[in-house]
1. Please give the strands (runs of 3 or more DSSP E) falling wholly within the range 34-118 in which 2 or more residues are closer than 17 Å to A306 by Cβ and either open to solvent by less than 10 Å² (accessible area, probe 1.4 Å) or not charged (D, E, K, R) (or both).
2. When you go through D132, D173 one by one, which is the residue that is at pLDDT below 95 and open to solvent by 50 Å² or more (accessible area, probe 1.4 Å)?
3. Of the numbered conditions (1) within 30 Å of F76 (Cβ to Cβ); (2) of a type in the set (G, A, S); (3) assigned to a loop (DSSP other than H, G, I, E, B), S284 satisfies every one except a single condition; which is it?
4. Filter the range 172-197 down to residues that are in a loop (DSSP other than H, G, I, E, B), over 18 Å from R211 (Cα atoms) and either among the aliphatic types (A, V, I, L, M) or in contact (Cβ under 8 Å) with a residue 40 or more places away in the chain (or both), then give me how many there are.
5. Kindly indicate the residue of the range 291-312 that is part of a helix (DSSP H, G or I) and of a type in the set (D, E) and also nearest to L96 (Cα to Cα) among those meeting that condition.
6. What residue, of R267, R300, is over 17 Å from the mean Cα position of the chain (by Cα) and at pLDDT 95 or above?
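The values are calculated or read from the model by the stated rules, or taken from the named source; none is laboratory data. Because the structure is a prediction, the values reported are computed rather than measured. We place every Cβ from the backbone using ideal geometry, glycine too, and count neighbours over all the protein chains shown. All accessible areas refer to the heavy atoms of the entire protein, side chains included, with ligands and DNA or RNA removed. Shrake-Rupley method; radii C 1.70, N 1.55, O 1.52, S 1.80 Å.
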Amino acid sequence: MIGRRTLLTGLAALPMAAHASRARADAPTEGRLFEHQQMASAHVQPRDVTVWLPPGYDGSEARYPVLYMHDGQNLFDGARASYGKEWGVDEHVARLSANGQIRTPIVVGIGNTPLRLREYIPADLIRALPDDMRADIQSIYGGEPLSDGYLRFMVEELKPFIDRTYRTRAGRDDTVVMGSSMGGLISLYALMKYPGVFGAAGCVSTHWPLRIEQITDEAALAAWRERLVSAWTRVVLDGLPNRRNHRLYFDRGDETLDAFYAVFQSRIDQTIRDEGWGPDRFRSLVFPGAEHNEASWNQRLDVPLAFLLPPA
């Protein structure tokens with residue numbers, strides 16, 4: 001590990017357009033962080049976007065793949081993270097890059113908003129649910145899904161801005177999306193809805209159940225779960241991109257919220273494998289003892305990064 005790196009304060013070298021932006025100087029990191037504050041959108045609420053530039057960016061003319069990650073406030077700095085723990089994305093990426101284990105990316109952390117649940121729940125799933133289940137989920141989540149608009153923000157507004165502002169490799173094979181929990185759902189949805197934009201998706205501790213059960217009757221709970229699993233299976237089957245030029249990664253632990261995921265994940269895994277996705281393009285792993293939190297995701301982050309961004 002290279003150690004702490006002083007963040008430069010000058011922005012003259014980067015055309016940041018009209019968005020309020022500043023170099024971040026508050027967090028130890030490998031490379032540099034820039035924060036684009038309250039980026040406006042025609043499709044969703046404004047939000048902060050943090051961009052991590054890897055070591056060596058300023059000293060070269062190289063272009064870089066881009067890793068887009070949800071819940072951006074949890075990626076780089078524990079002091080800003082929702083629960084006081086960070087993924088440590090900068091440290092992981094810098095180390096793996098230095099060792100030649102991944103293609104070095106620029107990382108774009110997309111901050112969430114109070115509408116996170118509605119922005120991250122795939123709208124195609126809500127449309128596929130039976131009427132009673134759809135009404136139930138929308139009542140819990142506070143309204144209709146906003147994920148189609150969130151993806152339009154990513155694809156039509158944020159990505160073009162990132163490609164204009166930074167030295168990126170803008171093609172599908174160099175554009176990766178990743179998140180955890182509900183962020184895992186929206187990462188999968190991005191790959192399914194925009195297969196020409198995203199070449200790979202990392203879905204960590206994916207929150208398939210949508211809610212942690214409020215049904216106390218075991219028979220009713222089993223029936224509700226089966227209907228949801230069936231809906232998920234149909235949506236994933238209909239939305240899978242071409243397995244020859246995409247990568248898809250899932251994982252889960254078996255403690256706390258992740259303990260609810262096995263039934264869902266195993267059915268989704270089988271659906272994908274039945275479509276011919278082999279281990280070179282699809283991976284789904286279980287980490288015994290891992291919990292549903294940033295500390296657990298930090299501990300295993302090397303695994304999805306190495307799969308999603310293999311060396312050229």
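1. Working: elements: 47-53, 66-69, 106-110.
Result: 66-69.
2. On the way: D173 fails: at pLDDT below 95.
Exactly one residue qualifies, and that residue is D132.
3. (3)
4. Applying the first criterion (in a loop (DSSP other than H, G, I, E, B)) to the range 172-197 yields 181, 194-197.
After this cut, where a residue has to be over 18 Å from R211 (Cα atoms) as well, the list is 194-197.
So of that shortlist, the ones also either among the aliphatic types (A, V, I, L, M) or in contact (Cβ under 8 Å) with a residue 40 or more places away in the chain (or both) come out as 194-195, 197.
Of the residues in the range 172-197, 3 are in a loop (DSSP other than H, G, I, E, B), over 18 Å from R211 (Cα atoms) and either among the aliphatic types (A, V, I, L, M) or in contact (Cβ under 8 Å) with a residue 40 or more places away in the chain (or both).
5. Of the range 291-312, the ones part of a helix (DSSP H, G or I) are 294-300, 302-308.
Now narrow it down to the ones that are of a type in the set (D, E): 294, 302.
On the way: E294: 19, D302: 7 Å.
So, considering only residues that are part of a helix (DSSP H, G or I) and of a type in the set (D, E), the one nearest to L96 (Cα to Cα) is D302.
6. On the way: R300 fails: over 17 Å from the mean Cα position of the chain (by Cα).
After ruling out the rest, the residue left standing is R267.
Residue by residue, here is whether (1) buried (at least 17 other Cβ atoms within 10 Å of the Cβ); (2) not aromatic (F, W, Y) holds:
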residue	(1), (2)
M178	yes, yes
Y189	yes, no
Y194	yes, no
V197	yes, yes
V204	yes, yes
L210	yes, yes
E218	no, yes
R225	yes, yes
L237	no, yes
